[in-house]
Amino acid sequence: MAPHTPKEEGQQPPPPITPGGTYSIQTVSVGCKLFIRRPGPEGQEEERLAEILSIRDKPTNTYATRQAGEIKQEEPQKPEDRLEFFVHWDQFNKRLDEWVSGSRLVLSKDLQWPRPKTQPTTKKVVGKKTPAKNQRQQSLLKRAATANALAVGKAAKPEPGTPGPSTPASARASPSPAPSIGKKRKALHEEDEEEEEDLDADAEGEMDVDAEGEVLDLDASEPTTPPQPLSAFSKEQEIEKLRTSGSMTQSISEIARVKNLNRLQIGKHEVEAWYFSPYPKEYAHLPVLYICEFCLSYFGSQFMLSRHRKRCNLLHPPGNEIYRHEDISFFELDGKRQLTYCRNLSLLSKCFLDHKTLYYDVTPFLYYVMCQRDSAGCHMVGYFSKEKESADNYNVACILTLPQHQRHGYGKLLIEFSYELSKREGKLGSPEKPLSDLGLLGYRAYWAETIIDLLMNTTEDISIDDIAQKTSITHADVMNTCTTLQLFKHYKGQHVISIPEAVQEKYRKAKEKRRRRIHPECLIWKPPVFSRDQLRFGW
């Protein structure tokens, strides 16, 4: 055994390792890391390190095909294949997480256990406090008033050895040394313990706001890292960070949810699901979930889908067609009128959007579905949704291009269409935050291309406000894009916009590649107006 050496401050201890060949598949538990076989990029098999996120018994398909009234006999399986492991591949995006059978685990290589948890050491800083939240101001006022009254009432009879009375507000503002403040608070708490018990229900944990503020404000007392200069910006590094870190999410509980679908068949395409989606439990963990490409209903077997298609006469989304050019059409749907279709659409999009948390309450939203038309009907390519009334002037709530149609320019087409609607409304718009990793890259590319296109084709002077009014992009997004592209220069005591030669060359190449554009003359649409009664959702 190696001699014990003192650890450096901030250094984590190495994870425990079990040598290969000395453990069995029953030893593997959640949190362990080991090598697992997976198909390589060129079809060969490779061994890659992965982390175990969940373990389950291999599920049985309740929708197994029946022949001659009997269920087909299942092929005999290996004993280790009775267990399945949900794994996250090291240095891979979260969307590539998948269930693997036990026979793919490489038990001959080392097993890495999770690092032991170390107790963080916290220092109390009495002088600095965190500001109270707005929703808790009422309870704080009650607490301060009661404590003040109690302190004043006891001012006439001070106990020996006890400091003079003081309110919590004066204790916070007092420049006296920290030990005396701590004694005052401790004495006040011991004397008024019984009286303050009634305030616990109103304060919602704010009775310990001092201690919580001391812990939470540790980072604020330390010097903050200055932002990196613009010269240090690297798009390649940012793309790599987005590729390996996964999508942003609004809910911490959504991160831990294990993917429950394997593959989806939508029309003639079969795609892998990326993330968890709350489909009914009986459809979870099926080999393939079959989805009608026109009404988006879901079924557990090919036979059930074929039986549904004989009754379903829908050949396009159940909404109003507001745009048609060549083979591209856009349909507008009201979530309150087309409730079932919009819920099915939200369930489907949740398979590919990690940050999306709304999939049931669709009534406050309008949905704009982009379809590609052929002789068989209108096949959905992507969609975006927007609030009927947005207090923050968001023109997009969720946006998605289906995986089988990605990398064909449809994402920029959806973004351009959303801003074309904002131009018709006479408003500035921005997508709702946070965006997914692919959505963030798509919007940044669209903003850069639109702003550069406007600047290249403008001869007179133009300001940030002029750019925003002509493109319907908000001032903040225009400023961020111009800063990222380093378009601002200081010339003769004022800031001017100057396009570098490299940016101009990149714009010319992108313009040659781009094929599809939105033609405003093909849009037949007026901004919908909703009454107060129509905007009462859920009542």
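So the values come out like this:
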{"item": "From phi via Karplus (6.51, -1.76, 1.60), per-residue ³J(HN,Hα) for the range 91-104 in Hz, x at Gly/Pro", "result": "6, 10, 5, 5, 5, 8, 4, 7, 8, 10, 7, x, 5, 8"}
{"item": "Amide H contacts of residue 398 (H built 1.01 Å from N, under 5 Å, at least 5 apart or other chain)", "result": "385"}
{"item": "Convex hull (Cα only) mean projected area of the range 256-409, reported in nm² to one decimal", "result": "9.9 nm²"}
{"item": "Listed pairs 268/513; 388/526; 412/433 exceeding 20 Å between Cα atoms", "result": "268/513"}
{"item": "Rel. contact order, % - alpha carbon contacts under 8 angstrom, at least six apart, the range 255-314", "result": "28 percent"}
{"item": "Rounded Å value of the spacing that divides the Cα centres of the range 474-539 and the range 275-295", "result": "36 Å"}
{"item": "Compactness index (Cα Rg / 2.2 N^0.38 Å), the range 255-314", "result": "1.14"}
{"item": "Cα gyration tensor, the range 315-530 - rounded (a/c under 1.5), prolate or oblate", "result": "prolate"}
{"item": "Cβ-based net charge around residue 413, under 9 Å, with every Lys or Arg adding one and every Asp or Glu removing one", "result": "+2"}
{"item": "Anisotropy class of the range 485-530 from Cα gyration tensor, a/c 1.5 cut", "result": "oblate"}
{"item": "Carbon and sulfur %, accessible surface of the range 315-530 computed with the full protein complex present, 1.4 Å", "result": "51 percent"}
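The values are calculated or read from the model by the stated rules, or taken from the named source; none is laboratory data. What you are looking at is a predicted structure, and each value in this text was computed from that prediction instead of being measured. No Cβ is skipped: glycine too gets one built from the backbone with ideal geometry, and neighbour counts run over all protein chains shown. Remember, those area values only see protein heavy atoms, side chains included, never the ligands or the DNA or RNA. Shrake-Rupley method; radii C 1.70, N 1.55, O 1.52, S 1.80 Å.
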